[in-house]
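The values are calculated or read from the model by the stated rules, or taken from the named source; none is laboratory data. Bear in mind that the values here come from a model prediction, so they are computed numbers and not experimental data. Note that each Cβ is placed from the backbone with ideal geometry, even for glycine, and that neighbours are counted across all protein chains shown. These area figures cover heavy atoms from the full protein model, side chains too; ligands, DNA and RNA do not enter into them. Shrake-Rupley method; radii C 1.70, N 1.55, O 1.52, S 1.80 Å.
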Amino acid sequence: MNINMLMQQAQRMQKDMEANVKKAKEELAQTEVYAEAGGGLVKVTMTCRNVVKRIEISPELLQDDADMIEDLIAAAMNDAARQAEAVSEERMKSANTGMGLPPGLAGMF
């Protein structure tokens, strides 16, 4: 194998990886996670690119004080963000699989 062949192979691998990462990011923008807090009193729908699509607040909760409502909204959003991060990490890891990257390096893309 000569150096030119190695360089061509590396360029193909880089293009494949870039295409896989781009596709994974596009999919993540469409993938939604769902979280709730307070036993379902507050519900949040968020994409895996951290775009909040919907917040639902139970009418019975609106009779409580604002501090509790704010805490439940924050809790639901944080849970949704954690879920989105977990899904994103898994998808990006899958996008880099088979690229021949050393362990630990795949997570950087």
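Around Gly40, with a cut-off of 13 angstrom between Cβ atoms, what is the net charge of the other residues, counting Lys and Arg +1 and Asp and Glu -1?
Values: positive: Lys43; negative: Glu36, Glu56, Glu60, Asp79.
Value of the local net charge: -3.
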**Study point:** Hits among lysines - C-alpha to C-alpha of Lys43 under 25 Å, sequence gap 8 or more where chains match
**Key:** Lys25, Lys53
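What translational diffusion coefficient, in µm²/s and rounded to a whole number, does the Stokes-Einstein relation yield for the stretch 1-64 at 4 °C and a viscosity of 1.567 mPa s, taking the hydrodynamic radius as the Kirkwood radius over Cα pairs?
Values: Rh = 15.2 Å.
Result for D is 85 µm²/s.
How long is the gain from Arg82 to Glu27 if the chain were fully straight, where each residue apart is worth 0.36 nm and the alpha carbon distance is subtracted? Numbers along the way, then the final one.
Details: separation 55, 0.36 × 55 = 19.80 nm, distance 1.75 nm.
So the chain would gain 18.1 nm between Arg82 and Glu27.
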Check your understanding: Which whole number of Å³ per residue matches the convex hull of the alpha-carbon atoms in the stretch 41-94?
Key -> 56 Å³
**Study point:** Leu62 accessible area, 1.4 Å probe, all protein chains in place, Å² to nearest 10
**Key:** 110 Å²
Point to revise | Point-to-point label distance, Lys53-Asp65, nm (Cα→Cβ direction, 7 Å offset) | key: 3.5 nm
Point to revise | Residue-level accessible surface for Ile3, protein heavy atoms, 1.4 Å, Å² | key: 110 Å²
Check your understanding: What angle, in degrees between 0 and 90 and rounded to the nearest 10, separates the Cα long axis of helix 3-30 from the longest principal axis of the Cα atoms of the chain?
Key -> 10 degrees
Point to revise | Of Thr97, Gln63, Gln8, farthest towards positive along the dipole that unit charges on Lys, Arg, Asp, Glu beta carbons give the chain | key: Gln8
Check your understanding: Using alpha-carbon pairs under 8 Å, 6+ residues apart, how would you state the relative contact order of the stretch 12-79 in percent?
Key -> 27 percent
Review point. Quick one: how many Å² of Lys53 are accessible to a 1.4 Å probe, rounded to 10?
Key: 120 Å²
**Study point:** log10 of Debye I(q)/I(0), alpha-carbon scatterers only, for the chain at 0.18 Å⁻¹
**Key:** -0.85
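When Lys and Arg each count +1 and Asp and Glu each count -1, what net charge do the other residues less than 15 Å away from Met92, Cβ to Cβ, add up to? Before the final figure, lay out the partial values.
Working: positive: Lys22, Lys23, Lys25, Arg49, Arg91, Lys93; negative: Asp16, Glu18, Glu26, Glu27, Glu85, Glu89, Glu90.
Local net charge: -1.
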